[in-house]
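Novice: Dropping a structure here in structure tokens format, bear with me for questions.
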Amino acid sequence: MNLMNLKGNPGRVRELLEFVQGETGSPNALFDLNRILPMPLPVQMVAEANELYAVIKRCFPRQLVSFQELLAKAEYDCLVATGYANAEDWARGTWGSVRNVYRCRYNKTFPLELTFNSIASPPLTALAELSRIFPDLVLEVYYENADLTVTGWALFADGDGCDERLLKD
């Protein structure tokens, strides 16, 4: 889980929260990394093809060889267009996390706090870009590993990268 404190002018904090909102009803309704750094269409297509591959492999194994050829072409086209052959590599290289965030919550009693989950690592690259978009705000992020112990802290300010600290046990 990740906890992000947003510090600065309350009006600008509201603007940031509106900026990062995803589509209503989506798992990323409160916070969508695509709003900061959008996933290109070739990467989206490969991600969807990989999901379909799992279904075809399980339900229609005789069609698997034909689909593998289509998937290989989609991955090649994605690699040529973006430099990445699949969505996880693109997300890791672009957002800093292998997938979009999920289970986002906004603490209404302390409206400057947003919590969200991420897989494998926090999306620090995307948060650095968000800091460049909102240079007048301070983003303070605490992140933890699967056993819920805080493992790191990052500070984004003035549109500059981050000051990151890994915490020792």
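The values are calculated or read from the model by the stated rules, or taken from the named source; none is laboratory data. Keep in mind it's a predicted model, so treat the numbers as computed, not measured. Because the Cβ atoms are built from the backbone with ideal geometry, glycine has one as well, and the counts that use them run over all protein chains shown. The area values use the complete protein model at the heavy-atom level, side chains included, leaving out ligands, DNA and RNA. Shrake-Rupley method; radii C 1.70, N 1.55, O 1.52, S 1.80 Å.
Novice: Looking only at region 2-28, filter to residues that are surrounded by fewer than 18 Cβ atoms within 10 Å (Cβ to Cβ) and within 13 Å of the chain's Cα centre (by Cα); which one of those is farthest from N100 (Cα to Cα)?
Specialist: Ranking the qualifying residues of region 2-28, first place goes to Q21.
Novice: Given the criteria on the phi > 0 side of the Ramachandran plot, modelled with pLDDT of 90 or more and surrounded by 19 or more Cβ atoms within 10 Å (Cβ to Cβ), does G83 qualify?
Specialist: no
Novice: While we're here: Could you list, in sequence order, the residues of region 43-67 that are open to solvent by 60 Å² or more (accessible area, probe 1.4 Å) and closer than 23 Å to R99 by Cβ?
Specialist: Residues satisfying the conditions are Q44, M45, E48, E51, L52, K57, R58.
Novice: So, one more: Can you name every residue in region 94-125 that is more than 14 Å from L17 (Cα to Cα), in contact with a Ser or Thr (Cβ under 7 Å, 6 or more places away or on another chain) and open to solvent by 10 Å² or more (accessible area, probe 1.4 Å)?
Specialist: Those that are more than 14 Å from L17 (Cα to Cα), in contact with a Ser or Thr (Cβ under 7 Å, 6 or more places away or on another chain) and open to solvent by 10 Å² or more (accessible area, probe 1.4 Å): T94, G96, S118, I119, A120, S121, P122, T125.
Novice: When you look at M45, is it in contact (Cβ under 8 Å) with a residue 40 or more places away in the chain and out of contact with any Leu (no Cβ under 6 Å at 6 or more places or on another chain), yes or no?
Specialist: no
Novice: Scan region 135-169 residue by residue and report those that are at pLDDT 65 or above and either within 18 Å of C104 (Cα to Cα) or open to solvent by less than 10 Å² (accessible area, probe 1.4 Å) (or both).
Specialist: Within region 135-169, L137, L139, E140, V141, Y142, Y143, E144, N145, G152, A154, F156 meet the criteria.
Novice: Between a residue in region 17-30 that is touching a residue at least 12 places away in the same chain (Cβ under 8 Å) and any residue that is surrounded by fewer than 16 Cβ atoms within 10 Å (Cβ to Cβ) and among the acidic types (D, E), which pairs come within a Cβ distance under 7 Å, given they are 6 or more apart or on different chains?
Specialist: A29/E23
Novice: In region 126-138, how many are in contact with a Ser or Thr (Cβ under 8 Å, 6 or more places away or on another chain) and not in a loop (DSSP other than H, G, I, E, B)?
Specialist: 1
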